[in-house]
Amino acid sequence: MNNQQQMDERLWNLIDGACLPEERSAIEGLIAGHRDWQQRYKELLEVHETLSGSELEEPSLRFTRNVMDEIARYQVAPATKSYINKNVVRGIAAFFLVLIGGLLIWCFGQFHWGGTGTSSPLIAQYTQGLQEHLDKFDWGKVFNNSYLLLFLMVNVIVGLIFLDTVLQRRRRQHTNKDLGA
């Protein structure tokens, strides 16, 4: 705190009567001995007298009721279900599903599906051939692009938000059923 703030605080304590007797005599000595303390004391004393002389207006007894009646006159905004078009929400969901589907199709398109020319009906040989194809797949081509990683991250976040919304809705429905029963 600077000197002006300390002086103001000490003078207000004197004016309010919130200081000890020895502190009171020390402040009165400073007022008597220093011209700037005298001026500031007179200014603060005038402010105190102005504030204590004025009475605060009290609101009417029906103030709260009048305010609430005035608010009730205005139309309340409708619930969000009535002004959010469900077709827009469905369109956004379809857009993201098409994008994710396209990404999956593109990833599967990166596989080398060409066979060796010998196909066996046995499951063991089929899984061995599938394993060979998976080993040939170059994952670096798919996941080295920054834009693809950003796209995947955004889709994961949107999916988590959607999952959270669905779970919250179910929780509210169960809570409402419990309260209604």
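Listed values, structure above:
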| read-out | value |
| --- | --- |
| Spin-label pair Lys136/Arg73, simplified geometry with 7 Å Cα→Cβ offset, distance in nm | 8.1 nm |
| Loop sites in the stretch 9-95: GluC sites (Glu not before Pro), DSSP, at most 10 other Cβ within 10 Å | Glu55, Glu57 |
| Sparse-neighbourhood loop sites, chymotrypsin sites (Phe, Trp or Tyr not before Pro) in the stretch 1-95 - DSSP loop, at most 13 other Cβ within 10 angstrom | Tyr74 |
| At R0 = 35 Å, FRET efficiency that the Cβ-Cβ distance of Ser25 and Glu57 yields, to 0.05 | 0.35 |
| Length released on extending from Ala32 to Thr175, taking residue separation times 0.36 nm less the Cα-Cα span | 44.3 nm |
| Projected-area average for the stretch 3-53 over all orientations - Cα convex hull basis, square nanometres | 3.4 nm² |
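Quick note: the coordinates plus some simple rules give every number you see, no bench work behind them. Only a predicted model underlies this, so the values are computations on that prediction, with no experimental measurement involved. Every residue, glycine among them, receives a Cβ derived from its backbone with ideal geometry; neighbour counts consider all protein chains shown.
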